[in-house]
1. Rounded to the nearest 0.05, what FRET efficiency do residue 382 and residue 241 have when you use their Cβ-Cβ distance and R0 = 22 Å?
2. Which whole-Hz ³J(HN,Hα) couplings does region 353-366 yield from phi under the Karplus relation 6.51 cos²θ - 1.76 cosθ + 1.60, θ = phi - 60°, glycine and proline marked x?
3. Can you give me the distance in nm between label points at residue 180 and residue 146, each placed 7 Å from the Cα along the Cα-to-Cβ direction?
4. If each DSSP helix of 4+ residues adds -39,500 (n - 2.57) and the sum is divided by the residues in the chain, what number results at 222 nm, nearest 500 deg cm²/dmol?
5. Rank the residues 320, 271 as a footprinting-exposure proxy: fewest other Cβ atoms within 10 Å of their Cβ go first.
6. Students often get this wrong: which residues of region 10-39 have the backbone nitrogen under 13 Å from the point 7 angstrom along Cα-to-C-beta of residue 70?
7. Please list, in order along region 324-334, the HN-Hα scalar couplings obtained from phi with the Karplus expression 6.51 cos²θ - 1.76 cosθ + 1.60 (θ = phi - 60°), rounded to whole Hz, x for Gly and Pro.
8. Explain nothing, just the number: relative contact order of the chain, from Cα pairs under 8 Å at least 6 residues apart, as a whole percent.
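Derivation of every value follows stated rules applied to the coordinates shown; laboratory data play no part. Quick caveat, the model's predicted, so the values are computed rather than measured. Quick reminder, even Gly has a Cβ in these numbers, built from the backbone with ideal geometry, and neighbours come from all protein chains shown.
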Amino acid sequence: MSAPRSDAIVFFGATGDLAYKQIFPALYGLVHDEGLDVPIIGVAKAGWALDQLKERARDSLAHHGLTDEATVARLCDLLRYVDGDYKDKQTFADLRAALGTAQRPLHYLAIPPSLFETVAQGLSEAGCAENARLVIEKPFGHDRASAQALNAMLARTFPEQNIFRIDHYLGKEPVQNIMYTRFANPMFEPIWNRTHVRSIQITMAEQFGVDDRGRFYDETGAIRDVVQNHMLQVLATLIMDPPTGEEHEAVRDRKADLLKAIRPLDPRHVVRGQYAGYTGVAGVRPGSTVETYVALKLYVDTWRWAGVPIYIRAGKELPVTAAEVVVEFHRPPRETFGELVPSSSGHMRFRLSPDMTVALGVRAKLSGERMVGHDVELILTERPASFMPPYQRLLGDAMRGLGELFGREDIVDAQWRVVDPILDNVTPLYFYEKGSWGPSEAEQLIDRDGPWRNPIVSGEPS
Ligand code: BG6
């Protein structure tokens, strides 16, 4: 059953960074691929006129190599602009006028979270919230309590099914592919549990630093920036139970079950790191103890996963930019052939970026009289990263009222519940050199479940 499509797009923060980097390219994709044909209204307080917004859109598209002139012209044609302060009722009256006959607008809040409440209220008072959908950027709250307060505030104006909390990892093709591979191939299901899985590792490595986002990042840190959302969503996709029935909430229900079963993090199972030179980045507070790296171990309290250690690692200024998941299987209970087999032998690997790979690591015999072998990977699929950009997929879904690839209230709450005990720099901070794999304390954390699997960007298995 499909809900009616939104008949206008409104994006707050139209002159900002997110619009430039993600929203204009996503809109271009929707116009180009799906013939998007509704008014697109940018709102900002910049003293701009419509021509400047069009100029900005053209600039963004050129910057991203999106140059089909008919599409660019069509998109510019659809653009409208409302300039004004979000605290001023007039801004919302102008927006209502710009919406014309539109009945079901989609409002995208690409603005700082401190403005969410003001804008939600403004929309409601001006009659712009009725039948409307609301897309909200991360970070969704700052901790569990503030996320709950934000949910309660939004619920006063928008019903849950009309709120779309963005986590762009959910719009990524390789993340979708984890789910597809698992549930399109029934032979994986019997081994996807504590009986066969020894441990799990998820690594999100970035070769670059905080760059020009010092101020934002110093209030956020790696745990809030990517673990609470992206990493936990990847984990849920990887180990949730199979969705049941035809219910359109089936997938999110199973994800919610899984996330609610993760044991809140034990501060002793967390290693926080900061790269050398971070405090010199503009916007970062002197002496800041915010982490740019985190490694952690967690457990899921279900029959399926009890006792399986799950390691998550994310950091900036690491040796490569790559994200990868490795599910490690148990070794044979006894060595039949008396050879020295690496403890990491036998795995399934999902490469999420920069390319997409699904591979099964097994042991194969070397030719010859002796019963010795080596580790090989069967590559199930390997593709370059030429996917539909996540924001295009997500914006298109939100316009159709499809919520599966968005955070639901209970899901976001469960994610905060996991990280709440380790927020706000309560665990020790270790320093690491740029270009290294983070502080050596992370080796002690993984200990006998190691070694860490460092993604290799040439495409070779690690
Ligand atoms: C964002 C974080 O959500 O995700 C950034 O704020 C991070 O710090 C980015 O770099 C990574 O996304 P992607 O798609 O490049 O892996």
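1. Efficiency computed from Cβ-Cβ geometry: 0.20.
2. After applying 6.51 cos²θ - 1.76 cosθ + 1.60, I find 7, x, 10, 10, 9, 10, 9, 10, x, 9, 9, 10, 6, 7 Hz.
3. 3.7
4. -8500 deg cm²/dmol
5. So the ranking, lowest neighbour count to highest, is 320, 271.
6. It comes to 32-35, nothing else.
7. Result, rounded to whole Hz: 8, 10, 10, 9, 9, 8, 4, 6, x, x, 8.
8. 18
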